[in-house]
Amino acid sequence: MKKNLKYNAVWLLIAALAYAFIYVLYVTGVITPFTEYTLITIGINIMLALGLNLIIGFSGQFSLGHAGFMAIGAYSAAIMSVKYPTMGGFLSGILLGIVLSGIVALLVGIPTLRLTGDYLAIATLGISEIIRIIIINMKEITNGPAGIFGIPPMVNWSMVFGFVVIVTLIIVNFIHSGPGRATMAIREDEIAAESMGVNTTKYKVIAFIIGAVTASVAGAIYSSYVQTIAPKDFGFMKSIDILIIVVFGGIGSVTGTFISAIVLGILNMFLQDAGALRMIIYALALIIIMIFKPGGLLGTWEFSVKKLFNKKEDKSNASIER
């Protein structure tokens, strides 16, 4: 317990240094409104990809329904923010999205997570589309296909940074907890895990719920930042965009997710002026990476504070023995 607190304190220190570095870039004018948009987009993508990586990379379940849970969070925050244009209204919208996405993930996860592979991917994709169709048909609440306009802007880069830190700590601590290790055991061999007494459905559903909740939070932040949302923003391609970040960085690597989101975000920024060629260049870059690094940029490699501490302890023990 004390060691976990120590590791979390180190991570918070690293986050504080990163925040100070970004703040200096703002003060010195290095970060412009255009680059700020890229920075916030990267933060939102990190939260989305971390949740999906927990489902795909650590629990071994192939999901294509992430955009649906993002839509729940986006519309919950948008509706509450428009009705109550205060920070309290926005935060209550985030909480509403967390509750709704958690309930939907629970109700959907119990029957669908018994499936595997392509069948699970198709099932989760269908769920995402059902959520989107429900949003389109709830015209009195969601304004139907036209979407919601004039959402009060409550988000800035500091808030996004804070949410990224919170989401990262939750997911990393879950991975290194008892339920997290059980979840990874299911990924490695579900039959063997079940034979050892692991409740496979329970832990897969827990991972699915956490991933859905993080997607909801990211969707809420997205809606407040762009100030305009529509059902078409949360279609099949949105789930694919998130999946690309996970695969590009390395399935099962939190560090890879961060690097992938940053690299792809910067690449998109520099390709803005390329027009129609932007998506071609973007796709070619992904194809080249997948050919030469099929496991992603980092594979399953992880930067770990724990390993650094263990190395120092090993060195000190060796010096004492000498």
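The values are calculated or read from the model by the stated rules, or taken from the named source; none is laboratory data. Since the structure is predicted, the reported quantities are computational estimates derived from the model, not experimental observations. A quick note on method: Cβ atoms are made from the backbone with ideal geometry, for glycine too, and the neighbour counts reach across all protein chains shown. What goes into the accessible areas is simple: the full protein's heavy atoms, side chains included, and nothing from ligands, DNA or RNA. Shrake-Rupley method; radii C 1.70, N 1.55, O 1.52, S 1.80 Å.
Numbers at a glance
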read-out	value
Any chance Ala230 is modelled with pLDDT under 90 and small (Gly, Ala, Ser)	no
Test: residue in region 238-248 that is modelled with pLDDT under 90, open to solvent by less than 50 Å² (accessible area, probe 1.4 Å) and out of contact with any helix residue (DSSP H, G or I) (no Cβ under 8 Å at 6 or more places or on another chain)	yes
Selected residue [assigned to a helix (DSSP H, G or I), open to solvent by 40 Å² or more (accessible area, probe 1.4 Å) and more than 30 Å from Gly88 (Cα to Cα)] from Ile186, Ile191, Ile251	Ile191
Long-range neighbours under 8 Å by Cβ, at least six apart or interchain, first residue in contact (Cβ under 8 Å) with a residue 40 or more places away in the chain and of a type in the set (Val, Ile, Thr) within region 185-204, second outside any helix (DSSP H, G or I) and surrounded by 14 or more Cβ atoms within 10 Å (Cβ to Cβ)	Ile186/Ser59; Ile186/Gly60; Ile186/Val198; Thr201/Leu113
Single residue of Glu140, Glu129 found to be of a type in the set (D, E, K, R) and more than 22 Å from Leu243 (Cβ to Cβ)	Glu140
Where Leu115 falls short, out of the listed (1) part of a helix (DSSP H, G or I); (2) more than 15 Å from the chain's Cα centre (by Cα)	(1)
Test result for Phe234, assigned by the TED database to the domain that holds Leu125 and crowded, with 22+ Cβ neighbours inside 10 Å	yes
Of all residues making up region 154-165, the number that are surrounded by 13 or more Cβ atoms within 10 Å (Cβ to Cβ) and assigned to a helix (DSSP H, G or I)	8
All positions within region 194-209 that are surrounded by fewer than 24 Cβ atoms within 10 Å (Cβ to Cβ) and either in a helix (DSSP H, G or I) or under 19 Å from the mean Cα position of the chain (by Cα) (or both)	Glu194, Ser195, Thr200, Thr201, Lys202, Tyr203, Val205, Ile206, Ile209
Residue among Ile151, Ile127, Ile141 that alone is assigned to a helix (DSSP H, G or I) and either surrounded by 14 or more Cβ atoms within 10 Å (Cβ to Cβ) or at pLDDT 95 or above (or both)	Ile127
Qualifying residue in region 279-293 (condition: open to solvent by 30 Å² or more (accessible area, probe 1.4 Å), modelled with pLDDT of 80 or more, touching a helix residue (DSSP H, G or I) at 6+ places or on another chain (Cβ under 9 Å) and under 26 Å from His66 (Cα atoms))	no
Every residue from region 106-119 that is surrounded by 14 or more Cβ atoms within 10 Å (Cβ to Cβ) and either of a type in the set (Gly, Ala, Ser) or modelled with pLDDT of 85 or more (or both)	Leu106, Val108, Gly109, Ile110
